[in-house]
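In what follows, a single structure is set out as structure tokens and then discussed.
What follows draws every value from the coordinates through simple rules; no lab data is involved. What you see is a predicted model, and the numbers here were worked out from it, not measured in a lab. Here the Cβ is made from the backbone with ideal geometry for all residues, glycine too, and neighbour counts use every protein chain on show.
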Amino acid sequence: MNNLSRLLQEIKDNPVKYIDKPSITHLDSFVRGWYLSRIEHFGLNPQGYPMEGFDEWMKERVKTTVSQSWAEIILFFCRTERNAFYSFFEEYEQFLKHKDDSKIQESEEKASPTEDNSKFRQFDIYNEILKGIKKRPGIYLRTSPITELDMLLRGYSLARREVGIPPSEPEREFEGFQSWVQEKYGIKSGQSWAKIILFYSVDEHEALQNFFELFEEYLNRNKSLEVDENISREC
């Protein structure tokens with residue numbers, strides 16, 4: 001699965017596998033994370049992105065000049081996340097019909113993983129993505145920040161796996177955050193870290209604040225464990 005069209009079809013067929021449930025907001029965040037990773041690896045510009053122009057097309061379709069995203073526009077007219085999710089695929093299919101088939105194929109071929117994977121710079125999830133979100137969350141996230149953050153990171157990780165990029169050290173460290181959150185709250189079910197934090201928060205926005213506090217606690221704990229291990233070796 002090396003292009004967006006196939007990924008979207010997979011998500012449509014099995015939304016639970018990728019984004020937990022049929023949700024336009026989840027889909028939007030997941031796709032943005034996926035594209036963010038592709039930009040970093042392949043240096044894609046908007047013209048190399050199959051969804052380039054979809055925002056403008058949706059605004060023209062509903063005759064609006066508001067600054068809302070395609071996901072927000074579809075959700076507004078469909079009213080529910082589920083209906084908006086399935087409506088997106090109908091709208092996107094119509095959008096593609098308005099684009100030149102040869103240009104679509106060319107843009108997706110340019111995005112194919114033909115380059116040396118060693119050129120992929122190391123991704124520091126804490127310093128590069130989370131630091132920016134913590135400082136200015138409104139730039140990256142919208143109405144459901146903790147859930148959107150989860151989807152954003154899932155999409156990012158999937159895009160890296162698609163091109164065979166092994167997890168960096170920060171990524172491997174983040175993978176342990178899930179089990180740490182479950183242990184901290186005594187949760188044995190398969191709920192994601194985002195859902196657990198949200199359950200113990202007042203709302204999505206507080207959950208995002210709690211996430212950063214918990215993640216910092218998690219990182220400091222890992223550093224303390226490393227220090228203790230080094231002391232034990234010396235003894």
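Quick look at the numbers
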{"item": "Where labels lie 7 Å past Cα in the beta-carbon direction, separation of residue 86 and residue 6 in nm", "result": "2.7"}
{"item": "Extended-chain gain in nm, criterion 0.36 nm per residue less alpha-carbon gap, residue 39 and residue 135", "result": "32.4 nm"}
{"item": "Peptide ranges 11-20, 185-194, 61-70 listed from the most packed, as the mean C-beta count within 10 angstrom indicates", "result": "11-20, 185-194, 61-70"}
{"item": "At R0 = 41 Å, FRET efficiency that the Cβ-Cβ distance of residue 143 and residue 221 yields, to 0.05", "result": "0.85"}
{"item": "Gained length - residue 203 relative to residue 98, 0.36 nm times residue gap less alpha-carbon distance", "result": "33.8 nm"}
